[in-house]
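The values are calculated or read from the model by the stated rules, or taken from the named source; none is laboratory data. Here the structure is a predicted model, which means the values were calculated and not measured. Cβ atoms come from the backbone with ideal geometry, glycine included; neighbour counts cover every protein chain shown. Accessible surface areas use protein heavy atoms only, side chains included; no ligands, DNA or RNA. Shrake-Rupley method; radii C 1.70, N 1.55, O 1.52, S 1.80 Å.
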Amino acid sequence: MAGCSSTPERLAPQEPTGSGLAIADTHVHAIERAGPSGGIVLATHDGLWAVDGNQLSQVGPQIDLMGFTVLNESTYRASGHPGPGVELAEPVGLIETNDAGRTWSALSRAGESDFHLLDGNDTVTVGFDGTVRSSTDGQTWQDAATPEDLIDLALRPAGGELLASTASGLQRSPKAGNRWEPVPSAPP
């Protein structure tokens, strides 16, 4: 689940009202569980936020995390744009953290790619920056076939099977985007 607001307000923790958190409107690009036993993290226009019970806290530098994926409890990959004072290229390309978002380092495509769609597992990372691309090492990329009117991508947790939500329906690629075929049983 993700969304964008039309106003560039900064995400800020609010006092809980009743049971739960209240969050100011902002661009929330991804909501992920930080690994099988981890908490919930929010990749936003203003950086990464961790949710722990009724506590919401910003983690690491202010980076507009447009594309975001969790590999395990402490290793995440992302793409987007650096915030004020963040020394990363514009756009950041593929970046990675190994300390649950406290620090980020450039892996590849710095200054070249802003992956708005990003997913990864133990064997492959797949991103969309206008072209679907896949990488087995986070450094070198293979261009793949890009489905028309692409909306979102989802990579199977193990292996390279990829699903794409498109305007014409769900598409499936057995090998990270090499070829696409409709999923006949999927709703239009």
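With a Förster radius of 30 Å, plug the Cβ-Cβ distance of D52 and A158 into 1/(1 + (r/R0)^6) and report the FRET value to the nearest 0.05.
Result of the calculation: an efficiency of 0.60.
What does the convex hull of the Cα atoms of region 136-181 come to per residue, in Å³, rounded to a whole number?
Looking at region 136-181, the number lands at 76 Å³ per residue.
Rolling a 1.4 Å sphere over the protein heavy atoms, what is the accessible area per residue of the chain, to the nearest Å²?
Ligands and nucleic acids excluded, the result is 51 Å² per residue.
Tally Lys/Arg at +1 and Asp/Glu at -1 over every other residue whose Cβ is under 9 Å from the Cβ of S173; what's the total?
+1
Is region 70-161 best put as rounded, prolate or oblate by its Cα gyration tensor, with a ≥ b ≥ c the root eigenvalues, rounded for a/c under 1.5, and otherwise prolate when a/b is larger than b/c, oblate when not?
Oblate, because a/c is 1.5 or more while a/b does not exceed b/c.
Counting other C-beta atoms within 10 Å, and keeping those with at most 15, which DSSP coil trypsin sites (Lys or Arg not before Pro) do you find in region 144-182?
Values: sites: R172, K175, R179; in loops: K175, R179.
Filter output for region 144-182: K175, R179.
For the chain, with all protein chains present and a 1.4 Å probe, just round the carbon and sulfur fraction of the accessible area to a whole percent.
For the chain, the apolar C and S fraction of the accessible surface comes to 49 percent.
Toward the positive end of the charge dipole of the chain, about the Cα centre and with charges on Cβ (Lys, Arg +1; Asp, Glu -1), which of Q55, P188, S105 goes farthest?
About the Cα centre, the residue reaching furthest to the positive side is P188.
State the answer as a single residue: which of T69, G83, A43 lies farthest towards the positive end of the charge dipole of the chain, with beta carbon charges of +1 for Lys and Arg and -1 for Asp and Glu, about the Cα centre.
Among T69, G83, A43, the one farthest towards the positive end of the dipole of the chain is T69.
Extension gain E148-A106, at 0.36 nm per residue separation less the Cα-Cα distance, in nm? Let's see the in-between values first.
Details: separation 42, 0.36 × 42 = 15.12 nm, distance 2.94 nm.
The E148-A106 span can extend by a further 12.2 nm.
In the calculated pair distance distribution of the chain, what percentage of Cα-Cα distances lie above 22 Å? Show your work: numbers first, answer last.
On the way: 8167 of 17578 pairs.
Counting every Cα pair in the chain, those more than 22 Å apart make up 46 percent.
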